[in-house]
Structures are given as C-alpha cells and as structure tokens.
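The values are calculated or read from the model by the stated rules, or taken from the named source; none is laboratory data. The structure presented is a predicted model; accordingly, all values stated were derived computationally and were not measured. Note that each Cβ is placed from the backbone with ideal geometry, even for glycine, and that neighbours are counted across all protein chains shown.
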Amino acid sequence: MNKLNVVVEPQVVEVTIPVKSSTKKVPINIVRKGIPASGVTIDSITLETKEAEIVADPSVLEDFDNVRVEVDVSKIDEDTEITLPVIIGEGIVKVSPETVKVAVKVTKASEKSISNVPIEIDGMDDGYEVNFLDPANGQANLTVSGPSDIVSALSSDDFKILIDVSELDEGNHEVDMKVTAPQNITWKLAKPKASISVAKKDA
C-alpha cells in the first residue's frame, strides 16, 4: 500500500468568533469651549436631539453614561444653528446619530454712561464730617454694559456707590468706592477712588 506524504499548511488556523455587541441610549452633553467675544453673552445652547444610541461590547457600555458635542463659543457672535459631530469614547463602535444640530442664542451687549450717582458715606461718627475733594460734588460717573434691553432703561437711581470711612482718622484720604449694580450688568468707574477730607465738627 502506498503512503501519501501530505503537508497541511498552515498548521495553525486562527478562528475569530464575533462577540455580540450591545446598544445603550445615553444623553448628549454640551461642552462649551473658548470664551465669548467681547460684548457677546451666550443665552442658551440647545440640541435638536438630546439622546444618542451607542454600540459596543457590553463590558464597554458599562463605563459610558453619555456622549458629547463641543461648542466653540469664541466663534459665535449672533444667533446660530450649526451641525456638530457627536464625540464618543474609546471602545464605542458606533453612535447614532453621528451629528446633531445645535442652536445657539446670543445677546449682544450695549454700553451706556451713567452720570452723577451720589456717593454715600458709611461709618461716619457723629462728631466728624466728610468733605469731598474729588469728585467735588460727591457724585461719581461710570460706564455700564450688558444686554441692550436692560442697559437702555438704566439710570443713576439703579446704582449705589458707597465709601467706608469707619477706620479713617482726621485728614485727607483716598478711599475705594464700592458699587452695587443690577444683575447681568458690568460696570467701570470713571475714577475708582474718591478723595475726601475727614474733620471734627465745630463745637
């Protein structure tokens, strides 16, 4: 009987057994990047779709509770609708949807000068008096900015400016002025300090 010499190649065969992937629905988080341009306030960022379905090995899915979109607010200066990719973590095979529409609402700030805000004095003993050297009229000026609909209605009555003289001796002093302003308003004093004279009252 004849023997046949048969060589089988390769001697080792790799067999890949597919692992069944699982799916999971997770929220889409909004991540802001950058700083809004001067004079621009980001009012809201909303997603057309708030959830995504991710596909991965079951052990991977356990580690993920969300996906994200990144919004660069430094490049937005008006109401905008943009389409952005949904960013996924390592190990996630697929995400649906892969992109989402993002609506950004902004408010452009306006600026206004507010004049002659009375400077109030805090901490003055009864036996002393304060005279203003600068500003001589005891009133301060400031520049304010914020949402245009708020700024347009502002007046000097909406601001409170205070100096604290409780720790001052007789003589001339320069003191910081503390400003109380409405919410969502930024301000800048024309002069940050007031020059005053503290003296005893005449008997």
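Residue under question is SER115, and the condition is that it be small (Gly, Ala, Ser) and in contact with a strand residue (DSSP E or B) (Cβ under 6 Å, 6 or more places away or on another chain); does it hold?
In short, yes.
Hey, among the residues in segment 176-203 that are part of a strand (DSSP E or B) and either hydroxyl-bearing (Ser, Thr, Tyr) or touching a helix residue (DSSP H, G or I) at 6+ places or on another chain (Cβ under 6 Å) (or both), which one's nearest to GLY138 (Cα to Cα)? Steps first, answer last, please.
Initial filter on segment 176-203 (part of a strand (DSSP E or B)): 176, 178-180, 186-189, 193-200.
Next, from what is left, pick out any that are either hydroxyl-bearing (Ser, Thr, Tyr) or touching a helix residue (DSSP H, G or I) at 6+ places or on another chain (Cβ under 6 Å) (or both): 180, 186, 195, 197.
Values: THR180: 17, THR186: 22, SER195: 10, SER197: 12 Å.
Among those residues, the one meeting the criterion is SER195.
Looking at segment 84-140, which of the residues that are of a type in the set (Lys, Arg) and touching a helix residue (DSSP H, G or I) at 6+ places or on another chain (Cβ under 8 Å) is nearest to SER22 (Cα to Cα)?
Only one residue fits best here, namely LYS108.
Filter segment 89-111 down to the residues that are under 23 Å from the mean Cα position of the chain (by Cα) and either closer than 30 Å to SER155 by Cα or part of a loop (DSSP other than H, G, I, E, B) (or both) and list them by number.
Result: LYS105, VAL106, THR107, LYS108, ALA109, SER110, GLU111.
Return the pairs, sorted by first residue and then second, in which the second residue is small (Gly, Ala, Ser), the first residue lies in segment 159-176 and is more than 16 Å from ASN131 (Cβ to Cβ), the beta carbons are less than 8 Å apart, and the residues are 6+ apart or on different chains.
From segment 159-176, the pairs are PHE159/ALA181; ILE161/ALA140; ASP164/GLY123; SER166/GLY123; GLU167/GLY123.
Six or more apart or on different chains, Cβ under 8 Å: which pairs go from a residue in segment 118-132 that's assigned by TED's automatic domain parsing to the domain that holds ASP176 to one that's of a type in the set (Asp, Glu) and assigned to a loop (DSSP other than H, G, I, E, B)? Could you list them?
GLY123/GLU167; TYR128/GLU170
Have a look at VAL104, VAL95 and point out the one that is in contact with a Ser or Thr (Cβ under 8 Å, 6 or more places away or on another chain) and either at pLDDT below 95 or of a type in the set (Val, Ile, Thr) (or both).
VAL104
Of (1) in contact (Cβ under 8 Å) with a residue 40 or more places away in the chain; (2) exposed (fewer than 12 other Cβ atoms within 10 Å of the Cβ), TRP187 satisfies all except one. Which?
(2)
Filter segment 145-164 down to the residues that are crowded, with 18+ Cβ neighbours inside 10 Å and modelled with pLDDT of 95 or more, then identify the one that is nearest to the chain's Cα centre (by Cα).
So the residue we want is PHE159.
(1) surrounded by 15 or more Cβ atoms within 10 Å (Cβ to Cβ); (2) at pLDDT 95 or above; (3) not hydroxyl-bearing (Ser, Thr, Tyr): which one isn't true of ALA109, the others all being true?
(2)
Kindly evaluate GLU78 against the criterion of being in a strand (DSSP E or B), loosely packed, with under 15 Cβ neighbours inside 10 Å, under 24 Å from the mean Cα position of the chain (by Cα) and modelled with pLDDT under 95.
no
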